[in-house]
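Heads up, the thing below is written out as C-alpha cells.
The values are calculated or read from the model by the stated rules, or taken from the named source; none is laboratory data. Only a predicted model underlies this, so the values are computations on that prediction, with no experimental measurement involved. Virtual Cβ from ideal backbone geometry, glycine too; neighbours counted across all protein chains shown. We work out accessible area using only protein heavy atoms, side chains counted, and drop any ligands, DNA or RNA first. Shrake-Rupley method; radii C 1.70, N 1.55, O 1.52, S 1.80 Å.
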Amino acid sequence: MSPRSKSAVRIDRRIVEITHAEKVLFPNDGITKRQLVEYYERIAATILPHLQGRAIVMERFPDGIHSEKIFQKNAPAYYPAWIKTVSLPKKDGVVRHVVCDDAATLVYLANQAVITPHTWLSRIDKPNHPDQMIFDLDPSDGDFREVCDAARMLRERLKEQGLTSFVKTTGSRGLHVLVPLNRRADFDEVRAFARHVAADLAQSDPERLTTEVRKSKRQGRIFIDTARNAYAQTAAPAYAVRPRDGAPVAAPLRWDELDSRRLKPDLYNIRSIFDRLKNMDDPWKDLMRHPQTLPRWSSDGS
C-alpha cells in the first residue's frame with residue numbers, strides 16, 4: 001500500500017482518511033476495513049475500467065457482512081466535493097449517484113464500508129442505452145458444474161446470433177455471461193432480445209434450465225435471469241468484492257476455464273486474485289474494445 005499516516009491514504013493527489021481501520025468486516029475471516037481498503041487500492045487499475053463512467057449503487061455493511069446491509073443509491077451530502085456524481089431521473093424524482101472514475105473515490109467508498117459498488121449496465125452520457133447485456137445463471141442448488149454447462153450452451157446460442165460473449169464468476173453462487181454492445185439499442189430492445197435468448201435456451205433443456213422468476217416453481221433448475229437488462233438495474237462488476245465469507249471477488253474467466261473441476265463461483269478472493277493476475281492476463285482487458293450491434297432476434301440464428 002502507498003505511504004500513509006496512521007489513518008490516511010494518499011492516492012491520486014488526494015488524502016483519504018481511513019476511520020475505524022481495524023473494524024472487522026468479515027468476522028469469520030478476520031478481514032478488516034483496512035484490508036478492504038488495501039484491496040481496492042491495489043486492484044484499482046484493473047477494476048476501474050469496469051466502473052468508470054457508470055452510476056453505482058453502494059452495498060454497504062458498516063458493522064460487517066453479518067450485520068445490517070445498506071443498499072444505498074444517493075450520494076450523501078457529506079461526501080467530499082471531489083467525488084464525481086450524476087443525477088439521473090427516476091419515477092417522481094432524481095437520484096444523485098456516485099460515479100467511481102478514480103482510485104481515490106474507490107478507496108473513499110471502501111472506507112464507507114462499501115463492499116460491492118454495483119454498476120449500471122449503461123454509461124452516464126447515454127443512460128437509456130446499455131453497453132452491456134448480462135445473463136445471470138443462478139443455480140437452485142449447489143451443482144456448479146451444471147451452471148458451467150449452461151454457460152457454454154448460452155455462449156453457443158449467442159454465437160448463433162452473431163454475438164461474442166464473456167464469462168465471469170459472480171463471487172456468489174453462479175456465473176454472469178456478458179455481451180458488450182455499441183449502445184445503439186435501448187434497454188427495452190436489449191431486454192426483449194435477452195428474454196428471447198433465455199426462453200429459447202430454457203426450452204431446449206427444460207429439465208435443467210428455467211426462466212421462472214418464482215423460486216417455488218424452479219424445481220431445482222438453473223434460473224436464467226435477464227432482469228438486470230433494464231434502466232437503473234445493476235450488476236456486481238468484475239473484481240468487486242462480495243459480502244460473503246472468504247471475501248470472494250467476481251472474477252473474469254477464459255471460456256476454457258469452465259472445464260476445470262476446481263472452479264467454484266467463489267474460488268477467487270481478495271488475496272488469491274492477485275496471484276491469478278500475476279500469472280495470466282486479465283481475460284476481460286479488451287472487453288469493451290469490440291462493441292457489437294444487437295441483432296434482430298432469430299429463432300434459427302439466421
Backbone HN-Hα couplings from phi across the range 270-280 [Karplus 6.51/-1.76/1.60, Hz, Gly and Pro as x]: 5, 9, 6, 5, 6, 4, 4, 5, 6, 9, 7
Under 5 Å, built H, 5+ apart or other chain: amide partners of K23: K33, R34
17 Å cut-off, amide nitrogen to a point 7 angstrom out along N28 Cα→Cβ, residues in the range 268-283: 268-271
GNM result for the chain, Cα springs below 10 Å: residue of W82, W284, W120 fluctuating most strongly: W82
Relative contact order of the chain, defined on C-alpha pairs under 8 angstrom at six or more residues apart (%): 19
Calculated from backbone phi, Karplus (6.51, -1.76, 1.60) coupling profile of the range 142-156 in Hz, x at Gly/Pro: x, 7, 6, 4, 5, 5, 4, 4, 4, 5, 5, 4, 5, 4, 5
Residues whose placed amide H lies under 5 Å from that of V95, excluding near-sequence neighbours: L88, K90
Dipole in debye (nearest 20) - the range 1-88, about Cα centre, beta carbon charges: Lys, Arg +1; Asp, Glu -1: 320
Under-5 Å amide H pairs with M133, H placed in peptide plane, nonlocal only: V179, L181
Per-pair calculated FRET efficiency, R0 = 35 Å: V213 and S299 via Cβ, rounded to 0.05: 0.95
Projected label distance in nm at V94 and E17, using a 7 Å step from Cα toward the beta-carbon: 2.9
Rounded Å value of the spacing that divides the Cα centres of the range 1-80 and the range 85-137: 15
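For the chain, what is the calculated [θ] at 222 nm in deg cm²/dmol (nearest 500), taking -39500 (n - 2.57) for each run of four or more DSSP H residues and dividing by its residue count? Provide the component values of the computation, followed by the final result.
Working: 5 runs with 67 residues, N = 302.
-7000 deg cm²/dmol, from helical runs alone.
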DSSP beta bridges in the range 94-225 [antiparallel fraction, %, rounded to 5]: 90
Cross-link pairs K90/K126; K168/K264; K33/K69; K69/K126 - those with Cα-Cα distance over 20 Å: K69/K126
Cα shape, the range 5-160, gyration tensor, a/c 1.5 rule: oblate
Relative contact order for the range 31-86, counting Cα pairs under 8 Å that sit 6 or more residues apart, in percent: 23
Calculated from backbone phi, Karplus (6.51, -1.76, 1.60) coupling profile of the range 67-74 in Hz, x at Gly/Pro: 10, 4, 9, 10, 9, 10, 9, 6
Residue-span extension gain [F274 to A230] - 0.36 nm each, minus C-alpha spacing: 12.6 nm
Per residue, in Å², the accessible surface of the chain once ligands and nucleic acids are set aside, probe 1.4 Å: 46
GNM flexibility winner over the chain from I15, I115, I43 (Cα, springs under 10 Å): I15
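Based on the Cβ-Cβ distance from D286 to A77, what FRET efficiency comes out when R0 is 41 Å, to the nearest 0.05?
My answer for the efficiency is 0.60.
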Percentage relative contact order, the range 95-173, counting C-alpha pairs under 8 Å, at least six apart: 16
Whole-percent carbon and sulfur share, accessible surface of the chain, 1.4 Å: 45
